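Right, one structure below, let's go through it.
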Amino acid sequence: MEVLESGVGEFRMPDPDGFREYVRTHKERRLVNKVINEKEAISRLVEDGDYLAYDQNVAVRGPTSLFREIIRQRKKDLWIAAKFTWTDATLLVAGGCVSKIDVGWMAAGKVINTAVRKGEVKLIEWSNGALAHRHLAGSMGVPFLPLRYLVGTDTFTQSGAKVIEDPYTEQRICLVPALYPDVAIIHVHQCDVYGNARVMGAGVAPMEIAMSSKKLIISTEEIIDIEAIRRQPQRTTIPYYFVDAVVVAPFGCYPGSTPGLYGGDIEHWLEFMAAEMQGKTDEYLEKWVYSVASHEEMLEKRVGQEKLDSLKAAETVKEGYYE
Amino acid sequence: MSEQLTFTDVEANICTIAGLIEEDKLYFVQMAGAPLMAVLLAKYMRTPEVGYVVEEGAVTPSPSFPLPRMMLGASRSHHRAVAWYGMNIADSHAALGFMDYGLLACLQVDKFGNFNSTFIGGTYEQPERRFGGPGGAPEIASQCWRTLLMTKLESRKFVNKLDFMSSPGYLDGTPGARERAGMPANTGPYKIITQEAVFDFDEETHQMRLIAMMPWMTVEQVLSKMEFEPLIADKVERMEPPTDEELTIIRAQIDPGGLTVSRGEWIAIDRETGQRAQ
């Protein structure tokens, strides 16, 4: 088939058969307890050079405790998909963990700008929808999917998309390559010890990301019994066999919000933004990441129970989540 | 001395777009920011039943006002939706032709309504200022029937040549350019809204055309804030400045704390004459 146009952006060659082989030889099919702590989960499942995917909606339900552990363990050379994201890409770049970013949307201040200009981080252009579509292709086990946008733009030119003549309609159609991340981290409201996980509220693409990633770490606000899962199977977002590790992390997306449970900590975000503007992200990382051994210790020593209680009290909307 | 009314350019844009919202249409909006606020203002004041889909997958919510200081897709802005999906499903609703209008903001726009939200100055590899990327703009601007685009009227934004074309308008303006590129037929930018002027596009040439301006502006003043010269409608309508009621709702209910709306340039007008105060 003739390719009419190609973007110049780098992408990993989709390998559906490689993915299938990995699943065949590596993924646990039995119902086994997968609960481990964050330190073990990140050291065992995130490797330098991995493609890392995650699901969040700006400041909502991002796996921030796992981001901090990745930074604490000084992981290197990660390639991340920044769609619908916010300061997470900045944090991971400030921590020296990232070398490539597939961009949909991210907060891009001083840290990202400096890293891009110095050539320390390479950006590849997509859009939120195109990246979600690439995860969708991955979740279907196919090498690509067609879509009807990106075309005609410089975004297309800087992406890894292609335009072909559709063999059915004979019109031009854009193709995006499937994304099969090495590892994904997803924060959820509830999960059982086997990994059956519930995301409540509008997600971005939690199911597609979970399905298309070789390794998957779930962090969860709480562990619930499998009997609760079986009573309401329709509420399950991700079934157990996709999941490699379950990390118990109440307030696991602090300073973001887990909807229905707690609001975001605006003072914390402002502290982060001020640190970035003043070139003090090192001090921020020292205080919130390096100087504490774990998420638990950060909550206890840096955030405090009073603040946590106020964030819970601020989240008055329960309807649709827990009611 | 008579009393003054003060507002930011962002607030003016939100009020103007809110006035364009139609209750019998469906809107596709990005996750946060001023375009979403325009729908929320319309919903609060005039069109309580208007349907809208937020990019991350919330379908026609009934937000719980006042929204938190950082709205950002939180539970209050998704409250009492009719459905919660994810991004791919929301996107497919636009691909199917259900979204009448897309609402977006941009950094730069050219005379055919192509726009930039990626970087300003320098080159792609060495940008002077890199921004967060297009977000959902390519899919919204390509797949909604009509796109409403907001930006600020100033010559560094209305440019002859974009630093980067993140998302498509009418491309080179030739008939069928979008369809030839591979986008759905009969779509494209509909209006460009700024704090002091509104533009649409000529049906034949797809060139931007001035159709309305604030009472304190002249055509010459509008042109002085643009790098290129737009077409001028036979009759340039008069835009209405924001009202006290609109501003109160924006500041108290929609963006309390002003993290989005107070960032812009402050404009003061004389309440009696409607002219810009000195």
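Using DSSP to call loops (not H, G, I, E or B), can you name the GluC sites (Glu not before Pro) in the range B:221-278 whose Cβ has at most 13 other Cβ atoms within 10 angstrom?
Working: sites: B:Glu227, B:Glu237, B:Glu245, B:Glu246, B:Glu265, B:Glu272; in loops: B:Glu227, B:Glu265, B:Glu272.
Loop-located and lightly packed - B:Glu265, B:Glu272.
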Express in whole angstrom the spacing between the alpha-carbon centres of the range B:70-135 and the range B:226-278. 23
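Suppose every K and R has +1 on its Cβ and every D and E has -1 on its Cβ; what is the size of the dipole of the range B:52-161 about the Cα centre, in Debye to the nearest 20?
Values: 11 positive and 9 negative charges, 84 e Å.
Approximately 400 debye in magnitude.
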From other protein chains only, count the Cβ atoms within 10 Å of every residue's Cβ in A:184-194, then give the mean. 0
Return the inverse of the average 1/r over all pairs of distinct C-alpha atoms in chain B, which is the Kirkwood hydrodynamic radius, in Å to one decimal. 19.1
Non-local amide H neighbours of B:Ala212 (under 5 Å, H modeled in plane, Pro and chain starts lacking H): which ones? B:Val198, B:Glu237
Antiparallel %, DSSP beta bridges [both residues in the range B:167-267], to 5: 65
Amide proton proximity set for A:Tyr51, modelled H, under 5 Å, gap of 5+: A:Trp79, A:Asp182, A:Val183
Give the long-range amide H neighbours of B:Met150: residues separated by 5 or more places, or on another chain, with amide H under 5 Å away, using H modelled in the peptide plane at 1.01 Å from N. B:Leu104, B:Ala105, B:Cys106, B:Ile193
Taking the Cβ of each residue in B:Met37, A:Met13 as the centre, tally the other Cβ atoms inside 10 Å and list the residues starting with the fewest. A:Met13, B:Met37
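Using a simple charge model, +1 on the beta-carbon of Lys and Arg, -1 on the beta-carbon of Asp and Glu, nothing else, what dipole does the range A:3-314 show about its Cα centre, in debye to the nearest 20?
On the way: 37 positive and 42 negative charges, 66 e Å.
The dipole of the range A:3-314 has a size of about 320 debye.
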Taking Cα centroids, how far is the range A:266-311 from the range A:11-41 in Å? 32
In straight Cα distance, which lysines are under 23 Å from B:Lys191, not counting same-chain residues fewer than 8 positions off? B:Lys25, B:Lys43, B:Lys111, B:Lys152, B:Lys157, B:Lys161, B:Lys225, B:Lys235
Apply the Karplus parameterisation 6.51 cos²θ - 1.76 cosθ + 1.60, with θ equal to phi minus 60°, to every residue of the range A:78-87 and state each ³J(HN,Hα) to the nearest whole Hz, in sequence, with x for glycine and proline. 7, 10, 10, 9, 9, 10, 6, 9, 9, 8
Treating only the Cα positions of the range A:3-314 as identical point scatterers, give the base-10 log of I(q)/I(0) from the Debye formula at each q in 0.11 Å⁻¹. -0.67
What does the structure give for A:206-213 when I average, per residue, the other chain Cβ atoms found within 10 Å of the residue Cβ? 1
Take the alpha carbon atoms of the protein assembly as shown, find their radius of gyration, then divide it by 2.2 N^0.38 Å using N residues; give the quotient. 0.95
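Could you order the peptides A:134-145, A:150-161 from most to least packed, using the average number of other C-beta atoms within 10 Å per residue? Don't skip to the end; give the middle numbers.
Details: A:134-145: 21.2, A:150-161: 25.9.
Peptide ranking by packing, descending: A:150-161, A:134-145.
Just order A:247-257, B:137-147 by mean Cβ neighbour count inside 10 Å, highest at the front, would you? The partial results should precede the final answer.
Details: A:247-257: 24.3, B:137-147: 26.8.
Packing proxy ranking, top to bottom: B:137-147, A:247-257.
I need B:Lys152, A:Lys318 ordered by Cβ neighbour count within 10 Å, fewest first. Can you show the working numbers first?
Numbers: B:Lys152 21, A:Lys318 12.
In order of increasing Cβ crowding within 10 Å: A:Lys318, B:Lys152.
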When a footprinting reagent is the concern and you count Cβ atoms within 10 Å, what order do A:Asp55, B:Asp110, A:Asp77, B:Asp244 take, fewest first? B:Asp244, A:Asp77, B:Asp110, A:Asp55
Rounded to a whole number, the mean other protein chain Cβ count within 10 angstrom for residues of B:162-169 is 5
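Coordinate-derived values only; no laboratory data. Please read all numbers here as calculations on a predicted model, not as lab measurements. Reconstructed Cβ throughout: ideal geometry from the backbone, glycine too, with neighbour counts over all protein chains shown.
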